[in-house]
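Single-structure report; data block below.
The values are calculated or read from the model by the stated rules, or taken from the named source; none is laboratory data. Predicted model, so just to flag it, every value in this text is computed and none were measured. Glycine gets a Cβ as well: all are built from the backbone with ideal geometry, and neighbour counts include every protein chain shown. For the accessible areas, the whole protein counts, side chains as well, though only heavy atoms, and no ligand, DNA or RNA atoms are used. Shrake-Rupley method; radii C 1.70, N 1.55, O 1.52, S 1.80 Å.
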Amino acid sequence: MRYTPEDGFPYYFDLVKDIDCKPLFSSLSTITFLNTINEEKATYRYMSDKWSIKQIVGHITDHEKIKMFRAFLMSRNELVQLWGYDQNFLVNNSRFEELTFKQLITDFNTIRKASISFIESLSENQLQIKGMAQQYEITLENFLKSIIGHEMHHINIIKERYI
């Protein structure tokens, strides 16, 4: 792999390779994997200053909510800079640790179903609309694929450092 997470979009694209975005979003592998983790394990942190698995799942869900709103704007030719956000601020001001892991998985699954519904409504022309995300000009399709790349990044971390 040529890129690191700090590289942003190129790193996430490397993770998803050349797979079309519709099958990426339709995959049940993340939900299946998360359902193997029990409530006790979901509170684990491999270091005291790292997020718990619950917080990671909440972050993945927040990320998808934010990115899908931006994708919606892009799909309508809204010429906006696709701004960043402070992930630590959002996690630190969440209730992820108070919610059950099952609730967090249900929220993730609900957001994913809404994402799939939105993606299925897009035409091939809409998927090729270009926008700016940080310093990168990317198509809507690649912007959507980066959401799954981000998810894969965090699931890989859970598998490598938490399980």
Tensor-based shape of segment 80-152 (alpha-carbon gyration tensor, a/c under 1.5 rounded, otherwise prolate or oblate) = oblate
Mean separation of Cα contacts under 8 Å, 6 or more apart, over the residue count of the chain: relative contact order % | 38
Stokes-Einstein, Kirkwood over Cα pairs, segment 52-102, 4 °C, 1.567 mPa s; D in µm²/s equals 106
List the lysines whose alpha-carbon lies under 21 Å from that of Lys130, not counting same-chain residues fewer than 8 positions away?
-> Lys17, Lys22, Lys65, Lys67, Lys145
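Can you compute the helix-only [θ] at 222 nm over the chain? Use -39500 (n - 2.57) per DSSP H run of at least 4 residues, normalise by all residues, nearest 500 deg cm²/dmol. Don't skip to the end; give the middle numbers.
Numbers: 9 runs with 95 residues, N = 163.
Result for the chain, helices only: -17500 deg cm²/dmol.
Got a number for carbon plus sulfur as a percent of the chain's accessible area, 1.4 Å probe? Working shown, then result.
On the way: 4580 of 8980 Å².
Ligands and nucleic acids excluded, carbon and sulfur reach 51 percent.
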At q = 0.15, 0.17 1/Å the base-10 log of I(q)/I(0) from the Debye formula over the alpha-carbon atoms of the chain is -0.83, -1.06
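Residues of segment 12-163: accessible area per residue at 1.4 Å, in Å²?
Working: 8190 Å² over 152 residues.
Computed with neighbouring chains in place, this is 54 Å² per residue.
Mind checking segment 44-113 for GluC sites (Glu not before Pro) that DSSP puts in a loop (not H, G, I, E or B) and that have at most 12 other Cβ atoms within 10 Å?
Answer by residue number: Glu78, Glu98.
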